[in-house]
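**Student:** My questions will all concern the structure given below.
The values are calculated or read from the model by the stated rules, or taken from the named source; none is laboratory data. It should be emphasised that the depicted structure is a prediction, and the values quoted were computed from it without experimental measurement. Note that we place each Cβ from the backbone using ideal geometry, even for glycine, and neighbour counts take in every protein chain shown.
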């Protein structure tokens, strides 16, 4: 396209000028957050070691290294005051504190990492674990039994399971968050605790949508 | 319980047996001494002979892939391992299809016996039947059959010989559509997150708990007692030359919905006719073959044999065994979008092309249906589907592209109506204008 | 006493410490100054009045030096923001409104960096190279007329020659930088940059010679006056080829895309400026952006009418107001107008958004009143003082060209060094010679 010398340049400049007035593609974080599906693998999560303890030592290396400064450290210091990255990490009373925060684009509050309530007793979890012989290979069964008992999967119970079976907490969490019939939040009504097939609603929605699309009354 | 549709009497009834309609049909799985086939396999054929018999019968997996069963068993048996497993996949991932569950409710003994035969053949001491947690009737039936087998001494510890157990147990699984994929099912049985694994190594090499595992659909296993009772040659004579036997199909037609046992190789149109004739004033427009990740075939494809190879060539696949007749009141593009969205929602998220690609496919579908398609959308659809198929880790990703790919192949005119003329011939998609009055085709 | 001060010191906050130091310091400076002024003020004023040209020069030089820094900041911000918008990005967003304080922050950052001299470098030459480059650019601003009567030095009738001569001194600075860095790659970069600048100076100068022939003078002021009237009198219509060559050669002179390979990241790091850091690098950086401004300013002056308006002001200029004539009315005006205007402007906000507290609406009204007042004053100044009008037109036109340079940077890829040199010698030079001959022939034929 160079019959006229310079015409290509002019066309290019027309393109950039047009772009100048077009809506921009940038997502203006943090006022606007991109939609992240629950299974997105870029979420920042703290890891637990094989004994169920938090691996984070609040060493600030990650916060220091992060180019977009989306990591904050927080914790209580020796006087019981809550700070965000003030002072050397040694001054924190409990370095392996659950309250190490991060300012990432979480779209849903993750109940596993907020202040968690201890359920009334964890002896039931121990009983379930003994029943399944503390076998990590039967993790799904253990989780389903725990959910049947408590109505949801409390974090304390998951930690106990991690301690007892030797499976990493992160692995257990990963497993539990994959299956739709397992939940981490307490159900509103106690009756729901007994329901086992919680994947069913999404499947039923699909079947109903299929019937609607076929424009015929659905049949079993 | 789902209705069993009446089928022509010429079709053999291998899987459903005389529960179909009770008429005397050739080769029906009439009542035989329970676990006779298992006894015959253990006493008569031995492991290698059993595998040979299955190979000779030409049985192919009914889980949708159609892999020759005997080859699979041979591969697992050849592995040098101390433990092996058989997993029967009775999960039935397709929410709209209940063939596996119905089979387990009606003929649990066949399923249990087939699992036991498979376990004996490959040298496994344990067979696990994975069932949906909510299929309580099936679970109860299976457990009753297992109890009967153990009571008869055919199953349980030392069932084959002293020191060689043959344990069959039922495990309930739930919670994800992906559990229909074999490696995902194995993960769930191991209690781990349900994401597929790279294959090779196949489960026959390293499967459940690292041991060689044979994963078969319950329909495949349920055919085994019949094979041993009537002989592999008789089985090979049914169905199609390269795909002998029958398969359970769930037909969703204009008049009836139900399960039918059809020989492989049956003309697709005959299967569709089982669902009844199209309502007056309407005509058949398309056939959805294979479930949420199936292909949409046109009426020209009614002569396609219902078989693994021909369906794949036509752009669909056997899949879950679902055959849905679509009349002209429905919009093919909308249907494809619905299926793709389901597949995208159920994707496990392990690989990027699947996680992002299925999402983009649904976005394209939403744009096309919503009336604001981009001019590059169709080309993007084709390129994206090609890339997804090429880079797929598991079949879920590959098959998610089928609805749109078959739609593009056969219903290009309808897609073009949406994209180029912003109109929906069936009048389904909003806010597009309705160009044709419903029924006035 | 010292103990008391010491105790007080530790109790102060940082702001307090600043005040504690600054106030005595200021007093120490201002009081003697005030006394000096009082004592010798008259003598100083007389001296200045006697040497008015010197004063004028000093003021002009100071003004120009001071002006270059904000100009550079502005152009840097424009570049970042405009190129981002053209790339469908948002660009600087957080620092200051719409990221406008970012370039200032960049300048501060450059100041705070470590300023070192590499081992083996010639310290004198190394230190003075950026100064030479920067001054060579800035001194050319002395002769550009910003408005009628607004030029640094009196109506030099060799202004254009001065411009090109001083502008060419930047080559010396580049070579100084490249040589003194004690880095063979810097040397190569410096040589290439010098070659580029020198090669494009010839077409640049020759393209203007045709204009000089037409104008008959090298005085920039007179060239601008020659173009007064309407935009049809602008030299762009008399020397179309000249404008084109000038702009292309000017782009190369200013080291702008597509001719910016001396500062491209992939080309021997930063060329001649590789070994520079901190404020010395800042000088090179500023010099480049000031160069952009200068080339645009010269193009506007020579070809696009300088400070003249495109069309004559259609309405007769209203005589300047004399506020003093209003007498007591002025006092009332000052008292009443702001209040009334604030209330009037706040009323729509208060009525439309009842959730807004009243004081917020009033604040908004006040801000709007201020905005209107500024606009009104500017408009009055525009029509009353022709030098303000001229300045505004000049700056406006110059920044149109600056925008065009930035636009080019956002659009075009860069050329290779051999393409660059070939283009200068094989295409621009013959073209400018052709332009020159054509103009001369036209003058002879038409008998101007």
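**Student:** Tell me the residue from C:136, C:101 that is more than 14 Å from chain A (Cβ to nearest Cβ) and free of Cβ contacts under 8 Å to residues at least 24 places away in the same chain, please.
**Tutor:** Of the residues listed, the single one that is more than 14 Å from chain A (Cβ to nearest Cβ) and free of Cβ contacts under 8 Å to residues at least 24 places away in the same chain is C:101.
**Student:** Continuing with the same structure: I'm trying to understand the selection: among the residues of the stretch A:124-146, which are on the phi > 0 side of the Ramachandran plot and buried (at least 16 other Cβ atoms within 10 Å of the Cβ)? Step through it out loud before you land on a result.
**Tutor:** Of all residues in the stretch A:124-146, those on the phi > 0 side of the Ramachandran plot come to A:133-134.
The answer is A:134, and nothing else.
**Student:** Still on this structure, I have one more. What single numbered condition from (1) more than 18 Å from residue C:302 (Cα to Cα); (2) surrounded by 14 or more Cβ atoms within 10 Å (Cβ to Cβ) fails to hold for residue C:436?
**Tutor:** Answer for residue C:436: the failing condition is (1).
**Student:** Among the helices (runs of 4 or more DSSP H) lying completely within the stretch B:1-102, list those that include at least 1 residues that are at pLDDT below 90.
**Tutor:** B:36-39, B:46-57
**Student:** Inside the stretch B:117-180, counting only strands (runs of 3 or more DSSP E) that do not spill past its ends, which hold 2 or more residues that are more than 22 Å from residue B:74 (Cα to Cα) and away from chain A (no Cβ under 14 Å)? Steps first, answer last, please.
**Tutor:** On the way: elements: B:126-132, B:156-161, B:164-173.
By residue number, B:156-161.
**Student:** One residue is enough: does the stretch B:346-354 have a residue meeting the conditions part of a helix (DSSP H, G or I) and free of Cβ contacts under 8 Å to residues at least 40 places away in the same chain? Please lay out each step first, then the result.
**Tutor:** Initial filter on the stretch B:346-354 (part of a helix (DSSP H, G or I)): B:346, B:352-354.
Now drop any that are not free of Cβ contacts under 8 Å to residues at least 40 places away in the same chain, which leaves B:352.
Yes, the stretch B:346-354 contains a residue that is part of a helix (DSSP H, G or I) and free of Cβ contacts under 8 Å to residues at least 40 places away in the same chain.
**Student:** Also, quick follow-up: Might you let me know whether the stretch C:387-401 holds any residue that is over 30 Å from residue C:248 (Cα atoms) and either more than 14 Å from every other protein chain (Cβ to nearest Cβ) or loosely packed, with under 14 Cβ neighbours inside 10 Å (or both)?
**Tutor:** Yes, the stretch C:387-401 contains a residue that is over 30 Å from residue C:248 (Cα atoms) and either more than 14 Å from every other protein chain (Cβ to nearest Cβ) or loosely packed, with under 14 Cβ neighbours inside 10 Å (or both).
**Student:** Do any residues in the stretch C:407-426 that are away from chain A (no Cβ under 14 Å) have Cβ atoms under 7 Å from those of residues that are at pLDDT 90 or above and surrounded by fewer than 20 Cβ atoms within 10 Å (Cβ to Cβ), where the two are at least six apart or on different chains, and which pairs are they?
**Tutor:** C:421/C:195
**Student:** Pick from the stretch B:315-338 the residues that are part of a loop (DSSP other than H, G, I, E, B) and within 7 Å of chain A (Cβ to nearest Cβ): which of them is nearest to the chain's Cα centre (by Cα)?
**Tutor:** Here the answer is B:330.
**Student:** Looking at the structure I just gave you, is residue B:341 out of contact with any strand residue (DSSP E or B) (no Cβ under 9 Å at 6 or more places or on another chain), outside any helix (DSSP H, G or I), more than 29 Å from residue B:200 (Cβ to Cβ) and modelled with pLDDT of 80 or more?
**Tutor:** So residue B:341 does not fit the description; no.
**Student:** Among the numbered criteria (1) over 30 Å from residue B:241 (Cβ atoms); (2) away from chain A (no Cβ under 13 Å), which single criterion is violated by residue B:349?
**Tutor:** Of everything listed in (1) over 30 Å from residue B:241 (Cβ atoms); (2) away from chain A (no Cβ under 13 Å), residue B:349 misses just condition (2).
**Student:** Starting from the stretch B:141-155, take each residue that is under 12 Å from residue B:109 (Cα atoms) and assigned by TED's automatic domain parsing to the domain that holds residue B:170 and list its partners that are surrounded by fewer than 16 Cβ atoms within 10 Å (Cβ to Cβ) and modelled with pLDDT of 90 or more, counting only C-beta distances under 8 angstrom and pairs at least six apart or across chains.
**Tutor:** Sorted first by the residue in the stretch B:141-155, then by its partner, the pairs are B:146/B:169.
**Student:** Could you say whether any residue in the stretch B:397-410 is in contact with a strand residue (DSSP E or B) (Cβ under 7 Å, 6 or more places away or on another chain) and within 14 Å of another protein chain (Cβ to nearest Cβ)?
**Tutor:** yes
**Student:** Among the candidates B:74, B:39, B:83, B:107, which residue alone is closer than 27 Å to residue B:209 by Cα and either more than 14 Å from chain A (Cβ to nearest Cβ) or crowded, with 24+ Cβ neighbours inside 10 Å (or both)?
**Tutor:** Sole residue among the options that is closer than 27 Å to residue B:209 by Cα and either more than 14 Å from chain A (Cβ to nearest Cβ) or crowded, with 24+ Cβ neighbours inside 10 Å (or both): B:74.
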